[in-house]
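Here is the structure we will look at, set down as structure tokens.
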Amino acid sequence: MPGAGRAKDVVPGVFSRHALPYRDRVAGALSRHEARGRLAAVAALALERGDRIVDLGCGPGTLTFAVAETVGANGHVVGVDLADGMLRLARAGAPPNVSLARMDMERLGFQDARFDAAVCGHALQFCPDLACALTEMRRVLRPGGRFAVSLPGRTSPPDGLRLQELFADLLPPAPAMTDTEATAEATGSAARLQSALVNAGFDGVRTVEVDEPVTHRTPEEMVEKSLTWWELAWRLESLPAERHAGIRAEAVARLRARAGDGPFQIPGTNLVASGRRP
Ligand SMILES: C[S@@+](CC[C@H](N)C(=O)[O-])C[C@H]1O[C@@H](n2cnc3c(N)ncnc32)[C@H](O)[C@@H]1O
């Protein structure tokens, strides 16, 4: 049974164990131009050739590799993450101008003002101490250095397509992670995220909510992709492996009965914020 409790007891482990399906789901979303929040974050950085970048909570290298291409051979990108499985995957695909380090974004082991820009795709929400993570991001940027972050926003699935209802009695409850509740609150709207960033001492902060609808072609695809989301992955792996196929099949059958054969479009949003160190 995987650990439960504080975010750092849960999150790196579950992302490590499910790094490959996570990477493939996000790569698919990027290739279909569905991952609009992450793409908007990279665009907001206005990167230049030769820039030195840090990617906070880099996962399998989703944004690391994209920004590495833009900054070119004279630039450099350091991806940091707490999940060894993610770092292994990222190292396996890393171009020469990328390095990777196991590091907590709340306690970065870098000297002050080391980077021209910082990017953070869908990872800040896992930090129990948001102010600390933002202060660290600010510290490692040079004066005038830019940052951009993306965060999941709201999802508004129509009747029959709500994952929490679909899996409610099929899986055990989600892990309790009370230490990220304050972060969830502080990043739960564009206005609150904007305040957190201004309070952390950034200038020129701009926070927007972008639409990020997700399409699933069939019930099978929706169940498979959804089970690579860290929370459902954790809930499924809490049960014996021999029950997994039956749960998948039951979820697909319920989805088909409730919503038909697909395709299903799930409306949703991301928050994207950018700014610079004074
Ligand atoms: C949803 S994934 C995002 C990965 C990648 N940035 C992307 O956009 O696909 C969140 C990542 O944040 C990492 N993470 C969570 N808390 C962290 C922390 N305190 N320090 C560093 N990484 C962290 C997780 O291990 C995971 O790889």
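Remark: pairs (first residue in the range 48-72, closer than 16 Å to CYS120 by Cα and away from the ligand (no atom under 16 Å from the Cβ); second residue assigned to a strand (DSSP E or B) and β-branched (Val, Ile, Thr); Cβ separation under 6 Å; 6+ apart in sequence or on different chains) are absent. Within the range 73-82, the set of residues being farther than 18 Å from SER150 by Cβ and within 14 Å of the ligand (Cβ to nearest atom) comprises VAL78, LEU82.
Filtered by the rule that a residue be out of contact with any Lys or Arg (no Cβ under 8 Å at 6 or more places or on another chain) and not β-branched (Val, Ile, Thr), the range 62-85 gives PHE65, ALA66, ALA68, GLU69, ALA73, GLY79, ALA83. One residue alone among GLY5, GLY28 is surrounded by fewer than 19 Cβ atoms within 10 Å (Cβ to Cβ) and more than 14 Å from the ligand (Cβ to nearest atom), and that residue is GLY5.
Taking each residue of the range 198-220 that is loosely packed, with under 15 Cβ neighbours inside 10 Å and looking for partners that are in a helix (DSSP H, G or I) and modelled with pLDDT under 95 with beta-carbon atoms closer than 6 Å, six or more apart or interchain, yields nothing. List the number of the failed condition for ASP84; all other conditions in (1) over 17 Å from PHE126 (Cα atoms); (2) surrounded by fewer than 18 Cβ atoms within 10 Å (Cβ to Cβ); (3) not polar (S, T, N, Q) hold. The one condition ASP84 does not meet is (1). Screening the range 191-239 for residues that are of a type in the set (A, V, I, L, M) and under 18 Å from ALA35 (Cβ atoms) and picking the one that is modelled with the lowest pLDDT gives VAL214.
Just wondering, is there one or more residues in the range 233-249 that are farther than 28 Å from LEU20 by Cβ and either buried (at least 18 other Cβ atoms within 10 Å of the Cβ) or of a type in the set (Asp, Glu) (or both)? No, because not a single residue in the range 233-249 is farther than 28 Å from LEU20 by Cβ and either buried (at least 18 other Cβ atoms within 10 Å of the Cβ) or of a type in the set (Asp, Glu) (or both). Of all residues assigned to the range 102-121, none qualifies as being more than 12 Å from the ligand (Cβ to nearest atom) and assigned to a helix (DSSP H, G or I). Residue under question is ALA148, and the condition is that it be among the aliphatic types (A, V, I, L, M), closer than 21 Å to PHE65 by Cβ, within 14 Å of the chain's Cα centre (by Cα) and away from the ligand (no atom under 11 Å from the Cβ); does it hold? In short, yes. LEU124 meets each of the listed conditions (1) surrounded by fewer than 24 Cβ atoms within 10 Å (Cβ to Cβ); (2) under 16 Å from THR62 (Cβ atoms); (3) among the hydrophobic types (A, V, I, L, M, F, W, C) apart from (1).
Of the residues that sit in the range 141-185 and are touching an Asp or Glu at 6+ places or on another chain (Cβ under 7 Å) and crowded, with 16+ Cβ neighbours inside 10 Å, which one is nearest to ALA253 (Cα to Cα)? Don't jump to the end; show me each part of the working.
Quick first cut of the range 141-185, residues touching an Asp or Glu at 6+ places or on another chain (Cβ under 7 Å) only: 142, 145, 153, 170, 174.
Filter again for crowded, with 16+ Cβ neighbours inside 10 Å, leaving 145, 153, 170, 174.
Working: GLY145: 51, GLY153: 28, LEU170: 12, ALA174: 22 Å.
The extreme case among them is LEU170.
Taking SER16 as the residue in question, decide whether it is hydroxyl-bearing (Ser, Thr, Tyr) and within 14 Å of the ligand (Cβ to nearest atom). In short, yes.
The values are calculated or read from the model by the stated rules, or taken from the named source; none is laboratory data. Owing to the predicted nature of the structure, the values given are computational and were not obtained by experimental measurement. So basically every Cβ, Gly included, is an ideal-geometry build from the backbone, and we count neighbours across all protein chains shown.
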